[in-house]
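One structure is given here, and the rest of the page talks about it.
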Amino acid sequence: MKQEMNNWRKFILNEQNGEPTVGEFMATFGSQSPKAASKILGKVAKFALSAAVGAGAGALAGAATGGAGAALGATAAGATNAMLSKLFEKVAERSGEMAKFMVAMSENQVDDGERTGLALYYDLDDEYEALLQGMDSDLANKFQQELFKYFKRSFESMRNADPGDPLKNHIQATANDYLRHFLKKTSMSGVGVQVQSSRRAE
């Protein structure tokens with residue numbers, strides 16, 4: 001698992017830029033964490049590896065309307081869309097395991113200056129991590145429990161997702177966003193304070 005996390009981390013630092021899509025997320029998950037994908041998604045993991053690849057999985061998103069779909073032909077396009085449906089159904093069904101993976105990734109911190117795209121969804125600013133007194137503190141453990149619940153709901157919402165959907169349509173808060181929400185909400189954190197990063201206007 002640690003090696004898969006390192007693979008994922010190196011990949012997103014080198015390849016991911018801009019606003020990621022659901023398709024890009026699934027492609028990264030399938031290709032950079034194949035063991036975790038296979039364990040969580042079962043037989044459809046192979047599909048996540050191959051068919052979800054592409055910029056926003058644009059070829060798949062267009063499969064029913066032309067473009068790549070025209071090249072594939074109606075039968076192939078229909079099969080692709082059917083497999084996409086199964087993939088996202090499985091993601092929703094295994095939302096707890098998907099959430100557990102993302103929370104585990106939150107412990108694998110990325111240098112603030114190197115983060116783009118997918119890393120922003122699970123990685124905290126260093127100064128926010130310091131507020132938690134490290135990722136092994138009691139407060140950090142409480143945060144990760146709440147983060148797990150949030151990710152679980154987010155993956156459940158992917159049941160009818162399109163691979164071209166922006167990831168933020170389903171995982172609406174970045175790790176920093178959710179930590180601010182967590183710290184502000186006393187019922188979650190027991191803290192009840194409002195914080196903002198000094199590094200950037202968010």
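The values are calculated or read from the model by the stated rules, or taken from the named source; none is laboratory data. Note that the structure is a prediction, hence the values are computed from the model and not measured. Using ideal geometry, Cβ is built from the backbone for each residue, glycine included, and neighbour counts are taken over all protein chains shown.
Here are the numbers for this structure:
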item	result
When residues of the range 80-124 are limited to those that are of a type in the set (Val, Ile, Thr) and at pLDDT below 90, the one surrounded by the fewest Cβ atoms within 10 Å (Cβ to Cβ)	116
Residue satisfying condition, being farther than 18 Å from residue 19 by Cα, in contact with a Phe, Trp or Tyr (Cβ under 6 Å, 6 or more places away or on another chain) and of a type in the set (Asp, Glu), within set 146, 127, 107, 97	146
Count - residues of the range 34-46 that are modelled with pLDDT under 85 and crowded, with 19+ Cβ neighbours inside 10 Å	2
Members of the range 163-189 found to be touching a helix residue (DSSP H, G or I) at 6+ places or on another chain (Cβ under 6 Å), at pLDDT below 90 and within 10 Å of residue 22 (Cβ to Cβ), listed by number	163, 164, 165, 167
Qualifying position, being in contact with a Gly (Cβ under 9 Å, 6 or more places away or on another chain), over 20 Å from residue 168 (Cβ atoms), surrounded by 15 or more Cβ atoms within 10 Å (Cβ to Cβ) and modelled with pLDDT under 75, among 57, 77, 52	77
